[in-house]
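The values are calculated or read from the model by the stated rules, or taken from the named source; none is laboratory data. For clarity, every value in this text was computed on a predicted model and none was experimentally measured. Virtual Cβ from ideal backbone geometry, glycine too; neighbours counted across all protein chains shown.
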Amino acid sequence: MEEAFKRIKKPFTFIEATGRNQPRHDLVVENTKLSLKTETGEGTDPQFITITKLCTTEREPWTPDVLIARVMAHLRRYDVILMLRAVWELPVIHYQLVEVPIDLLKLIKSARLERVGRRKGRQSLGADVRSKEKQKLFHVHFDGSDGKCQVRDLDVRYCRMLEHWDVRVD
């Protein structure tokens, strides 16, 4: 992470790591609470972001109001969400360091969650999240099998590209 801050030329003097797998920020840099996300693999789309685990919401009750409230509480823990993406177009990997706007993700509170899939037991819930003008911004999915909240199809143009670079792997 220190190398990423050097790349974006953000001066910093204080970094505090936090415990792994805890429901709080991953890192504090100069009193800014950061959540760190990654996305990589051959299926990574250069234009659309997927956050496979925005947060975990596995506890009951499994209802739209409760799930959305848990996501809102989770997002309040952060000042910034940073995502390091690796888009594979071998023999080149295109890296992107992106700031995902928390206010954009907070629009999940307006989602009209509906049951999706054919899973028996706890049903997955999902919805497209739209702007006031009814434009699709991204899709939110609450996975009934593992309790994760996922974000799919978030256009990278809605985010702040902090840095991008290519690495050739031969």
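For the stretch 35-65, a residue qualifies if it is outside any strand (DSSP E or B), surrounded by 13 or more Cβ atoms within 10 Å (Cβ to Cβ) and either free of Cβ contacts under 8 Å to residues at least 24 places away in the same chain or in contact with a Leu (Cβ under 7 Å, 6 or more places away or on another chain) (or both), and the qualifying residues are Thr57, Pro64. Is the stretch 161-169 home to any residue that is part of a strand (DSSP E or B), among the acidic types (Asp, Glu) and out of contact with any strand residue (DSSP E or B) (no Cβ under 6 Å at 6 or more places or on another chain)? Checked against the condition, which is being part of a strand (DSSP E or B), among the acidic types (Asp, Glu) and out of contact with any strand residue (DSSP E or B) (no Cβ under 6 Å at 6 or more places or on another chain), the stretch 161-169 yields no hits at all.
Taken across the stretch 89-104, residues that are touching a Cys at 6+ places or on another chain (Cβ under 7 Å), at pLDDT 95 or above and crowded, with 17+ Cβ neighbours inside 10 Å do occur, with at least one present. Checking Arg152, Arg119, Arg157 one by one, the residue that is part of a strand (DSSP E or B) and basic (Lys, Arg) is Arg152 and no other.
Collect the residues in the stretch 116-156 that are among the charged types (D, E, K, R) and either under 20 Å from Thr38 (Cβ atoms) or touching a strand residue (DSSP E or B) at 6+ places or on another chain (Cβ under 6 Å) (or both), keeping them in residue-number order. Answer for the stretch 116-156, where residues must be among the charged types (D, E, K, R) and either under 20 Å from Thr38 (Cβ atoms) or touching a strand residue (DSSP E or B) at 6+ places or on another chain (Cβ under 6 Å) (or both): Asp128, Arg130, Lys136, Asp143, Asp146, Lys148, Arg152, Asp153, Asp155. Among residues of the stretch 91-120 that are of a type in the set (D, E, K, R), those with a Cβ under 7 angstrom from a residue that is surrounded by 16 or more Cβ atoms within 10 Å (Cβ to Cβ) and part of a helix (DSSP H, G or I), sequence gap 6+ or separate chain, pair up as Lys106/Leu75; Lys109/Ile68.
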